[in-house]
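Visitor: Right, I'll just put the structure down here and ask away after.
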């Protein structure tokens, strides 16, 4: 199941990036010929917001986000796991708050039109709660995996994971 999710997530990210690239290219070409497609740039912006959340979720799940861990690397693995667990709880509370507030914002923006696209601005704002929930699920998956499997952390790849060439939780490579 994890590998299927990983493949679908990757395919969605690649597809979004390809569509964005195509839309921006077409907009530039059409503008050159004097027929600007303003809606295509708006749609590219909308898809870029979604791409950011898909990419952030993937990076978080694979422990590929940048981080400053100079001090925490001085702790032993068990202490590091506890610190990352506390941080996970804080992040999840924040992300769920963001999801609730993002949903409220989406409901306020249903009738607002996004640029010249004719689309509801809600398609933009709903990316925040959906992305926040996906990020929360990634943290929970990493959290459960870190406590279940020895030599694992939630946000940081351990030396053992790097030696094995792992890119994410067990079964999610």
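No lab work stands behind these numbers, since they all come straight from the coordinates. Worth saying up front: this structure is predicted, and the values here are computed from it rather than measured. Cβ placement follows ideal geometry from the backbone for every residue including glycine, while neighbour counts extend to all protein chains displayed.
Visitor: Mind ranking 135-142, 102-109, 153-160 by how tightly packed they are, going by the mean number of other C-beta atoms within 10 angstrom, highest first?
Guide: Most protected by this proxy first, the peptides run 135-142, 153-160, 102-109.
Visitor: Hey, another quick one. Taking 25 Å as R0, compute the FRET efficiency from the Cβ-Cβ separation of residue 38 and residue 68 and round it to 0.05.
Guide: The computed FRET efficiency comes out at 0.05.
Visitor: Report the extension gain between residue 89 and residue 104 in nm, rounded to one decimal, defined as 0.36 nm multiplied by the number of residues separating them, less their alpha carbon distance.
Guide: Residue separation times 0.36 nm, minus the Cα-Cα distance, leaves 3.1 nm.
Visitor: A further question follows. When the Kirkwood hydrodynamic radius is evaluated over all pairs of different C-alpha atoms of the chain, what value in angstrom, to one decimal, is obtained?
Guide: After inverting the mean inverse Cα-Cα distance, the result is 18.1 Å.
Visitor: Tell me the Kirkwood hydrodynamic radius of the range 1-101 in angstroms, computed as one over the mean inverse distance between distinct C-alpha pairs.
Guide: Averaging 1/r across every pair of different Cα atoms and inverting gives 16.8 Å.
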